[in-house]
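Notes to accompany the following structure.
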Amino acid sequence: MLRTVLQLGLGRNLLIRGVGTRRGGSTLDWDGQVSEIKKKIQSVLPGGSWNPLYDSSHLPPEHSDVVIVGGGVLGLSVAYWLKKLEKQRGAIRVLVVERDHTYSQASTGLSVGGIRQQFSLPENIQLSLFSVNFLRNINEYLAVVDAPPLDLQFNPSGYLLLASEKGAAAMENNVKVQRQEGAKVCLMSPEQLQKKFPWINTEGVALASYGMEDEGWFDPWCLLQGLRRKVQSMGVLFCQGEVTRFVSSSNTMKTVSGGEVTMKRIYEVHVKMNNSLEYQPVECAIVINAAGAWSGQIAELAGIGKGPPGTLQGTKLPVEPRKRYVYLWHCPQGPGLETPLVTDTSGAYFRREGLGNNYLGGCSPTEEEEPDPGNLEVDHDFFQNKVWPCLAQRVPAFETLKVRSAWAGYYDYNTFDQNGVVGPHPLVVNMYFATGFSGHGLQQAPAVGRAVAEMVLEGHFQTINMNPFLFSRFYLGEKIQEQNII
Amino acid sequence: MAAPRASLRLVAPIWNGSTRSIHGLSGEMAPRGNQRKRTLLQLLTDCFCDVEALREYLLQKQLSNVHWKNRSFTHIEEQYGPYIGGAFFILKQGGAVKFQDKEWIRPDGRGRFSLEFLKFQAVPVEAVDASGCAINYQGLDNLLSMKELQSLSLKRCPHVDDWCLSHLHPLANSLQELLLAGCPQVTERGLACLHHLQNLRRLDISDLPSVANPGLTQILVEEMLPNCEVLGVDWAQSLKLELEEQPRDTA
Ligand SMILES: Cc1cc2nc3c(=O)[nH]c(=O)nc-3n(C[C@H](O)[C@H](O)[C@H](O)COP(=O)(O)OP(=O)(O)OC[C@H]3O[C@@H](n4cnc5c(N)ncnc54)[C@H](O)[C@@H]3O)c2cc1C
């Protein structure tokens, strides 16, 4: 008995060694070997991507109809809607290139996950309403056979926006627009506010608007993973690597007035593999720039903004990383279960986090205070000097609080008008944008993904008219007038 | 053509067993034999994309079934008004309704009910018992126009979730009693927005499996709704404790 076992074991060992030496001494175990061989056989079978010279399974494919740069929530949403709206199963090949599969610096995972309809621009309200509908039915949209349902952890606690006397008229107007669009928002006087939320100090508040439904916060990570799981099941390919170069062809034309216009078309994307010098050119028809805070750099790679200033060619994509801090604190006497996400007249915001009297919040710095976006270190003095005074003034209970932790993340900040950029570039004709949402990109991602997919597949926006969000506004100098940027 | 139909018949019953875990959220284990069949099905799914497509189709079918059950009966609502429309919806679902100063109306064992209530057009509905019904967010719309609704029972409704609770605020002026016991999807996040219902006098939140900290949640809900009697986790437990303690007191 013992001998047979020994023999068996030995035999196996020998076999492994035999195969191992032939393949150059790799130390895979038996199961690994078998699956390796199976893979080889599979790739040799018709339809596989067999290449007798070297193993290229870690590289992205050589062709893909659409290449999406950035696998954050916006990139994945575009991928989802492209596959969802394609005319026939498997009609388009979509590749998502993401340089960091841990998403350590991506804005999506570092956001506070808020969703609201309290915008001033009808388009922004519509985007948010579409997205909340998506999130409500997330387990239908993102259902995958054999996978457990997603737990989005949506807190329907609403947003409470406070306005000073100066901002009251604008707030009233905005709420009118929001209600017209179908959002459930109500206005409150300081007395009503005091009655509903006794912990608020209404000094300096002239009017408040409060979302009754469809507003609150959710787990951004769950949305990201759910999208990832779904698009993978729909046949979208993923590749870990960095987009470093675009190869494009150009066509120069003369305008009536004699000026020259150069139209470009990207036909190859170079994807550099992580931790190696190896790169793979991917031939493609369409590139989607969803690189979040880094999408300005991606645009530059495609030659956008390289031209004489004042011309369309010289107009840059005005998106850059801006560092924002989020602090988490504990306050035993703090507001209770009913606490919504409150944004103060000063711009500071906070919300409840869980049940144990924990809260999180922050404040956007002014243009002069803007911290260096070189790293993601947290400035604790910023809380002491800028955030806490505002919080304690608004909620007296916050005078005694203890900061538990803090983190920082990058806004994909649009320096032109703090709003999204959606749709194709007028000159680099096959680069589409889905970026620049400066602090509300997460909540609008489901709707923006659909808009971009519609633009790619149909050539125009169908569900929501996103024309005001086109790139050309930077050249024309037409700012989007959105007042509620948090 | 015959082959896919045969496989459809073959797959559906097995698959139904497995979707319970997709929807039910109750996390109950499938029986062993069932599990083996499931893995076989998974294997088939992995090998043949046709099977995968079929199962995906069936999954979508199951989802749209819930939608179908929650459709509004617009023609009835248009003809008889919101009270009758809502009542019809609830009775169709298998629940019961009570018009003001009238007896409870419920369907019999086979889901049939008399249409006598169609003449109560001007009578408001004051109580709805939808316990165990397949009502969801969309279906709740049928109740929101009942401005005199005082009592609503959603006990053990599998599709009632936090989104549904946030949807109840239009009833804030009238609703006095809300029973949520045994709803598998309701969590503390949804309970937090019940503070819109300022007239609530009685709230049953016992036996909610998805609430992580039932004791703490109950205290916080009580703080949030000071005028409301909250029946929670330890309501049943404390009754038992009281019974145990009483003899000691007398001794
Ligand atoms: C502190 C904070 C709070 C926020 N709060 C909210 C909120 O409450 N509500 C809300 O809606 N939004 C909020 N946001 C904004 C929101 O997080 C972003 O708008 C949104 O996540 C942007 O998604 P994205 O997919 O474009 O970006 P990201 O998630 O950053 O994804 C971009 C990805 O592109 C990859 N990438 C970049 N360059 C390359 C390259 N060359 N090659 C390959 N890959 C590349 C990056 O690795 C990254 O993973 C907040 C943001 C922050 C920082």
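For the residue pairs A:166/A:196; A:166/A:195; A:166/A:402, alpha carbon separations beyond 31 Å are given by A:166/A:402.
Of all lysines in the structure, those lying under 24 Å Cα to Cα from residue A:306, and not within fewer than 8 positions of it along the same chain, are A:254, A:264, A:272, A:316, A:479. The mean number of partner chain beta-carbon atoms within 10 angstrom of a residue's beta-carbon across peptide B:219-225 is 3. Over region B:66-245, what is the mean sequence separation of C-alpha contacts under 8 Å (at least six apart), divided by residue count, expressed as relative contact order in percent? The value is 15 percent. By the Cα gyration tensor, region A:238-348 has an equivalent ellipsoid whose semi-axes, rounded to whole angstrom, run 42, 24, 11 from largest to smallest. Cross-link partners of residue B:92 among lysines, defined as those whose alpha carbon lies under 22 angstrom from its own and excluding same-chain residues fewer than eight positions apart: B:61, B:69, B:102, B:119, B:147, B:155.
Taken residue by residue and averaged, Cβ atoms of other chains lying within 10 Å of the Cβ of A:145-158 number 6. Let me make sure I get this right: for region B:66-245, a, b and c are the square roots of the gyration tensor eigenvalues over alpha carbons, sorted descending. Under 1.5 in a/c it's rounded, otherwise prolate if a/b > b/c, else oblate. Which is it? Prolate.
Against the main long axis of the alpha-carbon atoms of chain A, helix A:122-136 sits at an angle near 60°. Ranking B:163, A:388 from most to least accessible surface, computed with a 1.4 Å probe over the protein chains only, gives A:388, B:163.
Report, to the nearest 10°, how far helix A:165-180 tilts away from the longest principal axis of the Cα atoms in chain A, using its own Cα long axis and a range of 0 to 90°. Roughly 60 degrees, rounded to the nearest 10. Under 16 Å between alpha carbons, and skipping anything fewer than 8 positions from residue A:176 in its own chain: which lysines qualify? Qualifying lysines at Cα under 16 Å: A:184. Residue order by solvent-accessible surface for B:189, A:93 is A:93, B:189, largest first, with ligands and nucleic acids left out and a 1.4 Å probe. The mean count of C-beta atoms from other chains within 10 Å of the C-beta of residues in A:330-337, rounded to a whole number, is 3. Along its principal axes, region A:306-455 has C-alpha extents of 57, 33, 26 angstrom, given from the largest down.
Between rounded, prolate and oblate, where does chain A land on the alpha carbon gyration tensor, with a ≥ b ≥ c its root eigenvalues, rounded for a/c under 1.5, else prolate if a/b exceeds b/c? Here chain A falls in the oblate category. The rule of thumb for compact globular proteins, 2.2 N^0.38 Å, goes into the C-alpha radius of gyration of region B:185-225 1.07 times. Highest mean packing first, where packing is the average number of other Cβ atoms within 10 Å per residue, the peptides A:127-139, A:368-380, A:393-405 line up as A:127-139, A:393-405, A:368-380. Most tightly packed first, judged by the mean number of other beta-carbon atoms within 10 Å of their residues, the peptides A:439-445, B:77-83 read A:439-445, B:77-83.
By the Stokes-Einstein formula, at 1.567 mPa s and 4 °C, region A:368-486 with its Kirkwood radius over alpha-carbon pairs has D equal to 76 µm²/s. Peptides A:416-426, A:64-74, A:309-319 ranked from most to least packed give A:64-74, A:416-426, A:309-319, packing being the mean of other C-beta atoms within 10 angstrom over each peptide's residues. Pairwise alpha-carbon distances in region B:75-144 exceed 18 Å for 29% of all pairs. Rounding to the nearest 10 and keeping the result within 0 to 90°, find how far the Cα-based axis of helix A:30-44 lies from the longest principal axis of chain A. Approximately 90 degrees, to the nearest 10.
Go ahead and estimate [θ] at 222 nm for the protein assembly as shown from helices alone: -39,500 (n - 2.57) per DSSP H run with n ≥ 4, summed, over the residue count, rounded to 500. That comes out to -11500 deg cm²/dmol.
The values are calculated or read from the model by the stated rules, or taken from the named source; none is laboratory data. Given the structure is predicted, the values throughout are model-derived calculations rather than measurements. Reconstructed Cβ throughout: ideal geometry from the backbone, glycine too, with neighbour counts over all protein chains shown. Note: accessible area is taken over every heavy atom of the protein model, side chains too, but ligands, DNA and RNA are not part of it. Shrake-Rupley method; radii C 1.70, N 1.55, O 1.52, S 1.80 Å.
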